[in-house]
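In what follows, a single structure is set out as structure tokens and then discussed.
The values are calculated or read from the model by the stated rules, or taken from the named source; none is laboratory data. Here the structure is a predicted model, which is why all the values come from computation and not from measurement. Cβ: placed from backbone, ideal geometry, glycine included. Neighbour counts: every protein chain shown. Protein only, heavy atoms only, side chains kept; ligands, DNA and RNA dropped before computing areas. Shrake-Rupley method; radii C 1.70, N 1.55, O 1.52, S 1.80 Å.
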Amino acid sequence: MPDIAPRTRTAFPLPLLYAAAFVVIGLALLVYGATTTALIPPAKVLLALTGLGLLMNGAARLGKAWAGPDFDIVFWFAAAWLVLLGLAALLAPWLPLAEERDVAATVTEPVFETPTFTGAHPLGTNGFGLDLLARSLHGARSSLLISLSAVLVGTVVGGAIGLVAGYLRKTLDRAVGLATNSLLAVPPLILLIALATVLEPSLRNVALSLALLTVPSMVRLSRATTMAYTNREFVVAARAMGAKRSRIMLRELLPNVLLPITSLAIVMISVLIVAEASLSFLGLGIQPPEPTWGNMIAEGEGRVFKEHPHIVLVPGAFLFLTVFAFNIVGEKARRRWDPRSVKL
Amino acid sequence: MSLATVRRLALGAAELVGVLLIVSIGVFSLVVLLPGDPAVAILGPGHPPSAYAELRQELGLDDPLLTRYLHWLGGVLQGDLGRSIVPPQGEVSSRLVSALPVSAEIAVLGLLIALVIAVPLAMWSAYREGGVVDRIISAGTFGVLSVPSFLAGLLLIWLMVNSLGWFPRSEWVRLSEGDLLGNLHHAFLPALTVALVELAMFTRVLRGDLIVTLREDYILAARAKGMAPLRILVADALRPSSFSLVTLLGLSLGRLIGSTVIVEYLFSLPGMGSLVVNAASQGDYPVVQGAVLVIAFIYVVINAGIDFSYGHLDPRTRRVHA
């Protein structure tokens, strides 16, 4: 007989009141710290961070009271950021944003305006008076478009190759293995740079290069998972009943391979976002005037960053938050769908 | 050496050669993907057609692809990686030879810094599992993993060079100039940038393994005997917990090379990274080909070495083959 202590319920859940107060005060501090002009920057940052901490703490308590102790506030914040960013990126051309590309249209705009989170340029402007919020959102557009399509192509191609090779084995498997090892023999960024040397830096070419980067690890995971399932009872039963090889692969193996592959794909998205940003930062990816986070950060090289840190910090924050959010979501997916740790 | 070991070595070597051959084919076929005529790229526009034809003849561009590949591969095997097509058109191999030590120094120094910081952090974190320090370290390392190295480098420059003025920005001092201190002073910040991601990775992996080890009975026995926590961690727990870390060292090599490339570009160091990035932006394909080939060679050989030495480090994997 397990020891069950009777739960005493207070008439009024006082901790919840604290939690709600935390959320309200935290939000107030965050907004005040971000928008005030009365304080010096370090004090503003400190205030905003304190506010953020309080907000997270309060929201976590509220969430736990509402949805149970497994409630993961960071995950929900990450998911909310991704949804918001995705929507904003999708709708960027139709949102009332200032000019992000055409320097001729911004002759009269202030240059290097610092972010105030209010007014016409909430996140400030760059050296040409282009609006950083608009540029960051349009950058998110190309960054997300490139990495999502690259992951999709890489996962489909790599997953299919791995499945077929893992099921049919023999010469095909050996050839696929050698090709995979050869692709993995070149460090990822070096492969990208080598391809950038000869390819035109268009959206399509960058996405294809990144897709090529995802293929080998997808092949490995898909092949290994397929092999682990090939001798399971339901596959043997299907074979004994005379199912064709294509049917076994599509109806028996594919559903089982799909989940681990999807969780690797989510992790891969953040890897590819970083790779794309690195390439643009090096000047080998999407070229200006088309804004991307990488080439926006590259604008801050040298003296500019020293005098106007927001040129780097604004796109840097977008990049960090997005990569962080995909990592959090990916980690959660991996824990749920793939107990074996996946080595990239 | 037993027969099985020899057989394993031979198979590994054969696979290694196969992979390198395929990589060399891939690297060579970059030229095929190249838009436009290399002869025009070298001479520049505005020459009579005969000049282009002559250069094409001289470079062997009119030969069939297989002949060109074999010719190129023959040169590579003799250490001749061709000449750069962008002035000054120096030999690729001599440029690589002067760039390689810089990159190697940054990478090795970065790895050392990462280890020196990660091991105590992981020990502290694992010893106080679930405590405030552990939570801060875990959250911090997870955050660091989401910072791309070029961003981390820029932030470090902002903090250490511009605001605090502790480190110089550029002007690399070569080790061969004998000024070790000056060299280290310049190399530290780039190496720290490279170290950051690795540091986070190492801390997380070592922490996980240490937590498992600390639950073992012999640790409990050591504790019961009244040994100091630090002694238990360093002398008893660290070695059996470090196998995943050793594996990770090999896996992190590719990422390390990648971040070294970016960091060199950022700090304008005269290493492989700057070489390959500048060559790539000028379309100087012979330099890119040479650099990729050399990097891939180093990468594959080190990885094979780690795979092989793993059996010597971990007795449990040895018994399987015996």
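Quick notes on this one:
- Helix B:180-214 vs. chain B, principal-axis angle (Cα, 0 to 90°, nearest 10): 50
- Over all directions, the projected convex hull of the C-alpha atoms in segment B:1-95 averages 8.3 nm² in area.
- Value of D in µm² per second that Stokes-Einstein yields for the protein assembly as shown, Kirkwood Rh from Cα pairs, at 20 °C (1.002 mPa s): 77
- Counting, for every residue in B:295-307, the Cβ atoms of other protein chains within 10 Å of its Cβ and taking the mean gives 2.
- Sites residue B:8 and residue B:159 - FRET efficiency at Förster radius 51 Å, r taken between beta-carbons, to 0.05: 0.55
- Inter-chain neighbour count for A:194-205: the average number of beta-carbon atoms from partner chains within 10 Å of each residue's beta-carbon is 5.
- Long-range Cα-Cα pairs in segment A:132-342 (distance over 23 Å), rounded percent: 52
- Here the peptides B:216-229, A:147-160 are ranked by packing, the mean other Cβ count within 10 Å, and the order with the highest first is A:147-160, B:216-229.
- The base-10 log of I(q)/I(0) for segment B:20-146, evaluated at q = 0.16, 0.19 Å⁻¹, reads -0.91, -1.14 [Debye formula, identical scatterers on Cα atoms, solvent excluded].
- Cα-based helix-to-principal-axis angle, A:254-281 vs chain A, degrees rounded to 10: 40
- Shielding value for B:139-148 is 5, the average number of Cβ atoms from other chains within 10 Å of each residue's Cβ.
- A simple spin-label model places pseudo-atoms 7 Å from Cα toward Cβ; at residue A:79 and residue A:66 they are separated by 1.2 nm.
- Close Lys pairs in the protein assembly as shown, defined as Cα atoms under 20 Å apart and 8 or more places apart or on different chains, number 4.
- Cα-based helix-to-principal-axis angle, B:243-266 vs chain B, degrees rounded to 10: 50
- Rounded D (µm²/s) - segment A:161-228, Kirkwood Rh over Cα pairs, Stokes-Einstein at 20 °C, 1.002 mPa s: 167
- Buried accessible surface for the B/A pair, both sides summed and rounded to the nearest 100, is 3600 Å² with a 1.4 Å probe.
- Applying Stokes-Einstein at 37 °C and 0.692 mPa s to the Kirkwood radius of segment A:13-71, computed over alpha-carbon pairs, gives a translational diffusion coefficient of 278 µm² s⁻¹.
- Measure of compaction for chain B (Cα Rg per 2.2 N^0.38 Å): 1.24
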